[in-house]
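Take a look at the structure set out below.
The values are calculated or read from the model by the stated rules, or taken from the named source; none is laboratory data. What you see is a predicted model; the values in this text were computed from it and never measured. Cβ atoms come from the backbone with ideal geometry, glycine included; neighbour counts cover every protein chain shown. Note: accessible area is taken over every heavy atom of the protein model, side chains too, but ligands, DNA and RNA are not part of it. Shrake-Rupley method; radii C 1.70, N 1.55, O 1.52, S 1.80 Å.
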Amino acid sequence: MGLNARVAALPGHEITVEEQQPFRVDDLLPSRVVRPADAQDAARGLRLCDLAPTAVVIWGGGTQMRLGAAPRRYEVALSTERMSRLLEYEPADLTCRVEAGMRLRDLQEALLAQGQRLPLEPPHPDRATVGGMLAANANGLGRARYGTVRDWVIGIAVAYPSGKLARAGGKVVKNVAGYDLMKLHIGALGTLGVIAEVNFKVQTRPQVEATLIAHLDTPAAAVDTGTALARQYLAPAAAVVLDQSALKDCGMTADWRWTLALKFEGYAREVEAARDKATSLIRAAGGRVEGDDVPSRFWHAARDWSAPDGDLVVVRAIVPLTAIHAIFGVLPEDSQVMAQPAAGLVDVRVPAAFAASILRRLRTAGGDQGQVIVAAAPAAVKKELDVWGPPPPGFPIMRALKQALDPNGILNPGRFVGGI
Amino acid sequence: MDAATRERLLGRLRAVVGDRYAFADPYEVRLYQYDASPETALPDVVVIPGTAAEVAQVVKICADAEVPITARSAASSLAGGTVPVQRGVVITFARMDRILEIDADNLRAVVEPGVVNLSLSQALRPHGYYYVPDPSSQGACTIGGNVGTNAGGPHTLLYGVTVNHVTGLELALASGELVQVGGRKAGSASGYDLTGLFVGSEGTMGIATKIWVKIQPLPPVQKTLMAVYPDVETASNAVSAIVRSGILPAAIEMMDKLSIQAIEAASHAGYPLDAGAVLLLEVDGIPELVEELGERMAKVCRESGASEVRVAKDEAERQALWKGRKGAFSAMGRLSPDFYVMDGVVPRTKLPETLAKIDAISARTGYKICNVFHAGDGNLHPLVLFDAFKPGQYEAVLRIGDEILKLCADAGGSVTGEHGIGLEKRENIRYIFSDDDLEVMDRIRHVFDPHGLMNPGKVFPGEVVEGSAPSRAPDHAPRRAANVAGGDEIWV
Ligand SMILES: Cc1cc2nc3c(=O)[nH]c(=O)nc-3n(C[C@H](O)[C@H](O)[C@H](O)COP(=O)(O)OP(=O)(O)OC[C@H]3O[C@@H](n4cnc5c(N)ncnc54)[C@H](O)[C@@H]3O)c2cc1C
């Protein structure tokens, strides 16, 4: 088949230069964009791309497009924007089924109307889609208490390059039939298929919510208080350690350097008791409770902090709780940091010029049980960095899984771990 | 396998694990033909390795000789997961039963696959922690087996099943390699989530030789309520009402009239004999809160048609209330010599109509069916009562089982909530998955097991079964209610 014939068989339409810009990924621009109407349509489109074969980058809300290495090739942008329906929602069952292009905020609003919610809060829910949240395994500040995306997805429908649409899991909250392919696709960054539909379990909204802002002298004291809270009953819904500049980004100014911000959720009595306990732990660590009042945008800004718009570089360390000190130990003075001690997670915004050296230092400090990745960076900086770090021990299996489901390597080629 | 091949294989395996821990004597291997399901098949050789490295070597030897491998832990599988239908080698973990580490600082424990579920929580208790998933068989089943089936339990309603509590695995792969996936840290951003993918794969992707699990602080207090209803329909509607009320109970269990009769005959737990159904509900937390929630829950129960709500006033009363529930399984022996347990799931709101349909099947076929189950998550365990010595009954009961699973599937549910597909439900899996769905899963299996040696004949439908067929020996009656496990501890 000649080149022209091949291009003609591709789905979607050729786009103008202006249309290309919103679909930029790092330095690359697509020549076509396809917007499937539903899951079956996505599968048909993928099949055509696979026959060509031509490289596809999947687009949800675009909030995590700076995650991952630059794609090796990129011709077709597949956008889930037309797949945005809430397909089923049975409040009494606490379950729902949605199309992958649905915005998180739209989903949360539908749930809120029934007094329910999905306790996942990835950055920028006004733009982030359900599918993007799964693919990027984007989680919020509640991960230590409520778990991550994998703990709330009960079923999935995925379009594969073979042109097939295949499901796994189901609509019930407890189910062990067949392989758990939800886990496979969550965090796979769209390298194995296009997530087309997602089934969630949801929960009743908590009765009350409260915040506590404390100031501590050292990051070690702040981190220790955060992990101590995680190890006891009545753990907070979110515990975040912020340096002065991160605090400012969240709309608060302070004359102290390290802040521990706590969010409590649950039944009224529980929240009250949790707050008392936290207060005494903070005092025991030599800290001071500064108040329970925060600007209304505080928690939203904190949630979005790790996925900034623009050209900032964000490095993320994920380590066992006891290794957080080692991470803080190698951070340069004046680092812009936001950590979630109970989850063993430290996000750092670093100047582009020092990104490589900081990354190296953090990887050494994180040890072999930890992991340090570049969570966001502009294309030029990424070129100089090993975004994912060395491939993990199970990597040959991962490569074989990719080969089994995307044999022509058309999906997000090169963006994932180990060049997958 | 011919005798000479078997001897050669045995020799190689003994060189790895020692003479005592690999055997092929027909008498000795007989024990390993069973699990808690009715199916049986004899293995050629049984191996009891002592370390992960030995497991890997055993797998390598089998892979080189193209011999099937079946992982077997406590063999409490109710789905025939450990029955070696294609014969070959059974690997069992009786010697790999060490708790390697309790790392309270990182909220983790690291265990070998043969660690008994309950003994992990017992070891954690002095530290103020526990391991959440509590299958009713927790006194016997192991963490390795729980990883194999992604086991649940009464208290997984609120806190999640096995996969939600496992953060890492060391695996012996079909290639004979030993690899670690995931580990001690919480999240993973290092490639595909192989840990999550592996949990629940029923031994078809490899063998877990080491497991990192989350541990959780013990709740300060628990409160248990019994609510008495005129019939299962009212009780089922109450379950939805409770869930919608905003209360998050740690457990919601239901027993129907027939189960109550069996339980009362066996253990006199004090359930009213004229009740149509009983709900057992539990909340946990700090004392002040649990008090309040208990009252609120009692109110919802009464408003949703409970004729009586009894609240356990102290730990002794609480234990008494659970005793009946825990003894339910063995109590069936009072009603019938044999029973067949199903594991269907339906959306909570479909409980009333599903239970009515099961009732209709019972009326039509003349077989009594008890319901004792995890009502909070819609996970039904219908127990079909029969007598295996009466010709045709076992076959009839299997057909009833198929019919029940079909109606669960048609209600938008699943054919297994926690016991696994195993051997038993490999055809039933078609009720919920299309050929395309299964084809993708099969591709994934081939990645892990290109030569079809890891627990072959399980999970997937339509496998050609070689060697001994998965049927009962003519002289073997299916398990009796009374001898599945030890009396009061049984808790499905
Ligand atoms: C009375 C009774 C009550 C029960 N109650 C419950 C309940 O409440 N909830 C529930 O979920 N289940 C329940 N079960 C079923 C059973 O206990 C569970 O399936 C349990 O997880 C099996 O554990 P096991 O150690 O016995 O594993 P086995 O039965 O030995 O194996 C189970 C499966 O896992 C595989 N496997 C075993 N070890 C490994 C390993 N190391 N690596 C990989 N795969 C492996 C096996 O090949 C098999 O497919 C009950 C069973 C009985 C008899």
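Values computed for the structure shown
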| item | result |
| --- | --- |
| Condition check for residue B:203: at pLDDT 95 or above, within 13 Å of the ligand (Cβ to nearest atom), more than 12 Å from chain A (Cβ to nearest Cβ) and under 30 Å from residue A:420 (Cα atoms) | yes |
| Test: residue A:223 is outside any strand (DSSP E or B), in contact with a Phe, Trp or Tyr (Cβ under 8 Å, 6 or more places away or on another chain) and over 30 Å from residue A:94 (Cα atoms) | yes |
| Neighbours by Cβ (under 6 Å, 6+ apart or cross-chain): first from region A:128-139, hydroxyl-bearing (Ser, Thr, Tyr); second open to solvent by 20 Å² or more (accessible area, probe 1.4 Å) and in a strand (DSSP E or B) | A:129/A:103 |
| Strands (runs of 3 or more DSSP E) contained in region A:90-179 and holding at least 3 residues facing chain B (nearest Cβ under 7 Å) | A:165-169 |
| In region B:354-369, the residues that are touching a Leu at 6+ places or on another chain (Cβ under 7 Å) and either open to solvent by 40 Å² or more (accessible area, probe 1.4 Å) or modelled with pLDDT under 95 (or both) | B:357, B:368 |
| Subset of region B:337-353 [over 22 Å from the mean Cα position of the chain (by Cα) and either within 14 Å of chain A (Cβ to nearest Cβ) or open to solvent by less than 20 Å² (accessible area, probe 1.4 Å) (or both)] | B:349, B:350, B:352, B:353 |
| Tally of residues being open to solvent by less than 60 Å² (accessible area, probe 1.4 Å) and not hydrophobic (A, V, I, L, M, F, W, C) across region A:347-362 | 3 |
| Criterion: within 14 Å of chain A (Cβ to nearest Cβ) and within 13 Å of the ligand (Cβ to nearest atom) - qualifying residue of B:78, B:120, B:124 | B:78 |
| Unique residue being in the same structural domain as residue B:15 (by TED's automatic domain parsing) and open to solvent by 10 Å² or more (accessible area, probe 1.4 Å) when the list is B:79, B:63 | B:63 |
| Breaking point among (1) more than 23 Å from residue B:193 (Cα to Cα); (2) surrounded by 20 or more Cβ atoms within 10 Å (Cβ to Cβ), for residue A:379 | (2) |
| Some residue of region A:66-86 being more than 20 Å from residue A:189 (Cα to Cα), out of contact with any Ser or Thr (no Cβ under 7 Å at 6 or more places or on another chain) and touching a residue at least 60 places away in the same chain (Cβ under 8 Å) | no |
| Candidate set: region A:64-103, residues that are in contact with a helix residue (DSSP H, G or I) (Cβ under 9 Å, 6 or more places away or on another chain) and open to solvent by 60 Å² or more (accessible area, probe 1.4 Å); chosen: the one modelled with the lowest pLDDT | A:66 |
| Out of B:275, B:298, B:316, B:331, sole residue that is free of Cβ contacts under 8 Å to residues at least 24 places away in the same chain and either part of a strand (DSSP E or B) or small (Gly, Ala, Ser) (or both) | B:316 |
| Residue in region B:182-194 that is within 14 Å of the ligand (Cβ to nearest atom), part of a strand (DSSP E or B) and either crowded, with 22+ Cβ neighbours inside 10 Å or in the same structural domain as residue B:253 (by TED's automatic domain parsing) (or both) present | no |
| Selection status of residue A:326, modelled with pLDDT of 95 or more and in the same structural domain as residue A:344 (by TED's automatic domain parsing) | yes |
| Test for residue A:389: is it free of Cβ contacts under 8 Å to residues at least 40 places away in the same chain, within 9 Å of chain B (Cβ to nearest Cβ), open to solvent by less than 10 Å² (accessible area, probe 1.4 Å) and not charged (D, E, K, R) | yes |
| Some residue of region B:141-159 being free of Cβ contacts under 8 Å to residues at least 12 places away in the same chain and either more than 13 Å from the ligand (Cβ to nearest atom) or within 13 Å of another protein chain (Cβ to nearest Cβ) (or both) | no |
| Residue within region A:326-334 that is in contact with a Leu (Cβ under 7 Å, 6 or more places away or on another chain), in contact (Cβ under 8 Å) with a residue 24 or more places away in the chain and more than 23 Å from residue A:139 (Cβ to Cβ) present | yes |
| One residue from B:54, B:112, B:66 being within 12 Å of the ligand (Cβ to nearest atom) and either among the charged types (D, E, K, R) or on the phi < 0 side of the Ramachandran plot (or both) | B:112 |
| Residues satisfying the stated conditions in region B:163-194, i.e. more than 8 Å from chain A (Cβ to nearest Cβ) and of a type in the set (S, T, N, Q) | B:167, B:175 |
| Residue within region B:441-457 that is in contact (Cβ under 8 Å) with a residue 60 or more places away in the chain, surrounded by 19 or more Cβ atoms within 10 Å (Cβ to Cβ), touching a strand residue (DSSP E or B) at 6+ places or on another chain (Cβ under 7 Å) and at positive phi present | yes |
| Test for residue B:164: is it modelled with pLDDT of 95 or more, away from the ligand (no atom under 12 Å from the Cβ) and among the polar types (S, T, N, Q) | yes |
| Condition broken by residue B:40, with the remaining ones in (1) in contact with a helix residue (DSSP H, G or I) (Cβ under 6 Å, 6 or more places away or on another chain); (2) within 25 Å of residue A:176 (Cβ to Cβ); (3) within 13 Å of the ligand (Cβ to nearest atom) satisfied | (3) |
| Residues being more than 10 Å from residue B:74 (Cβ to Cβ), near the ligand (Cβ under 9 Å from one of its atoms) and among the small types (Gly, Ala, Ser) - total across region B:127-140 | 1 |
| Residue list for region A:320-346, restricted to those being touching a Pro at 6+ places or on another chain (Cβ under 9 Å) and open to solvent by less than 40 Å² (accessible area, probe 1.4 Å) | A:321, A:324, A:328, A:331, A:337, A:339, A:342, A:344 |
| Residue ranges of strands (runs of 3 or more DSSP E) in region B:334-433 with at least 1 members away from the ligand (no atom under 16 Å from the Cβ) | B:369-374, B:382-386 |
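Conditions (1) aliphatic (A, V, I, L, M); (2) in contact (Cβ under 8 Å) with a residue 24 or more places away in the chain, marked per residue:
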| position | (1), (2) |
| --- | --- |
| A:218 | no, yes |
| A:227 | no, yes |
| A:234 | yes, yes |
| A:253 | no, no |
